[in-house]
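Written out below as structure tokens is the structure these notes cover.
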Amino acid sequence: MMRSSSSPRRQCVSSGWHCLFRIGLLLATSLMIVLSEGSTLNNGVEDIHKVSSDVADDDVGRPSKTTRMLPKKTDPPTDFPTSSPAPTDNPTISPAPSGNPTISIQPTNNPTSPPPTRNITDIVDTSPTTPMPTISPSDAPTRSPSVSPTTSPSISINPTAIPSSTPTISQVPTVSPSDTPSTTPSSQPTGLPSSSPTTSAMPSMAPIPYARSERVNLRYTPWVQLSAEIQTLAQQLDYDESTWDTVSMNPIENLDWARLAREQKNAARQLGYDLYSWDCWQNHFQSYRWIDLGEPYIQVGQWWEELGWDIYSWNRYNDPPASDGLNWYELNEGERSAAANLCYFRTSWDEENLLDGGFPIVRPEFRYGHWMTLSEDVREMADERLKYSALSWNVLGLANVESREWASLTEYERDAAVAMGFTQLSWDCWLNHFRSYTWDDLEFFGLDFSYLALGWT
């Protein structure tokens, strides 16, 4: 069919009523949209532009009523589309995102997002690791040492081949002080002292442990047995036969070594004395002040305290303790041990004459009676507990129990001995004869003089 050759002007005139109708319809529709939707001015202008474009394209194709219809406010959108969705060929692009995203049952054919700009391998280094470090260790540390040590040591897969040139120095010790001293001392002292001294629950040892000085046996030899030279030296110390044979009779024994004159010290040295032996065996530290008895090089205050002395009785503000009026064997075991540490023994404690052969330990007379003279209870106790028999009782020294000192008896045996009438002293002296004592024990208690007289050493 041939296209009409009418001019454009004529065509517009012949269809002028159609143009007027479209323009009126456009105005009415715009007003309806503004009133019903309550949209903004910008949205209305966009709708006008859209309708105007439809009018301009009227010669090409007229849109249907379905395309021209606009939704009403009273019709809310449904959760799912009313018909089966189909993906569009090209996605629509809106300058602003919609209020709620649309939900599609099936995804679109092609994703709308652009492909990634680079692969994951461009970000992560997938090159293999080397088993050894890439560079050699430095000779010196990479930074200055810290003032305080680190809380935990660093860990390396492979230690460095050589140590660093200089060790790090810390102003504080690396570990906390121990409660007790180490078992072995270090070979070299530390360069710097620790910030605080180590503490110990107990002291490692006394500054100078107390040890009783050696006894000068010459002093306890009777005067008549001394040589003329020794007697001359003793006379320089104001001794004569009477004061020499009776202990504590010479006033010079009330002086300590520091109070002796120079000539007296020379004579005492030739007799075998020095500062410690004179102050212990001659003076027994009695001329010391109470506060000096605990000095590190003396340490004898503990023994005087064991005997009941204190600062008031020592300075004569109070009466002497009860032990001061007791004989040697009237002291209990602890008191005799304390007196022996102060260089006393029976003769010097009791202030007896060296030639006096008296022996004050009471003899248990019942032990020397016949077995049948004992009561039935005593015989039963001696038989069951001390393992005596008639033969071993009647023959002295035959029973095995008499070869043991009191301290080695069991509690069961000691109770039986006490019930029979024995004491520690009477048992050790009259039954054991101190045979279970070591020579040091005999010398400590001054019991060795009798053995020395019998030729024992």
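The values are calculated or read from the model by the stated rules, or taken from the named source; none is laboratory data. Please read all numbers here as calculations on a predicted model, not as lab measurements. All Cβ positions, glycine included, derive from the backbone under ideal geometry; neighbour counts span all protein chains shown. Accessible surface is based on the protein model in full, side chains and every heavy atom, while ligands, DNA and RNA are left aside. Shrake-Rupley method; radii C 1.70, N 1.55, O 1.52, S 1.80 Å.
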Count of residues meeting criterion [at pLDDT below 90 and either within 18 Å of N250 (Cα to Cα) or outside any helix (DSSP H, G or I) (or both)] in the stretch 327-344 = 1
ask   = When you scan the stretch 382-398, how many residues do you find that are open to solvent by less than 50 Å² (accessible area, probe 1.4 Å), within 15 Å of A417 (Cα to Cα) and in a helix (DSSP H, G or I)?
value = 2
request  = Go through the stretch 410-434 and give me each residue that's out of contact with any helix residue (DSSP H, G or I) (no Cβ under 7 Å at 6 or more places or on another chain), in a loop (DSSP other than H, G, I, E, B) and not β-branched (V, I, T).
outcome  = F422, H433
message = One residue is enough: does the stretch 295-306 have a residue meeting the conditions over 23 Å from F445 (Cα atoms), without any contact (Cβ under 8 Å) to a residue 24 or more places away in the chain and out of contact with any His (no Cβ under 9 Å at 6 or more places or on another chain)?
response = yes
task = Six or more apart or on different chains, Cβ under 7 Å: which pairs go from a residue in the stretch 258-284 that's under 14 Å from N217 (Cα atoms) to one that's open to solvent by 10 Å² or more (accessible area, probe 1.4 Å) and of a type in the set (K, R)? Could you list them?
result = C280/R212; W281/R215
Residue list for the stretch 405-436, filter: at pLDDT below 85 and farther than 15 Å from P364 by Cα = F434, R435, S436
Sole residue being more than 30 Å from V395 (Cβ to Cβ), surrounded by fewer than 19 Cβ atoms within 10 Å (Cβ to Cβ) and at pLDDT below 90, chosen from E351, E365, E305 = E351
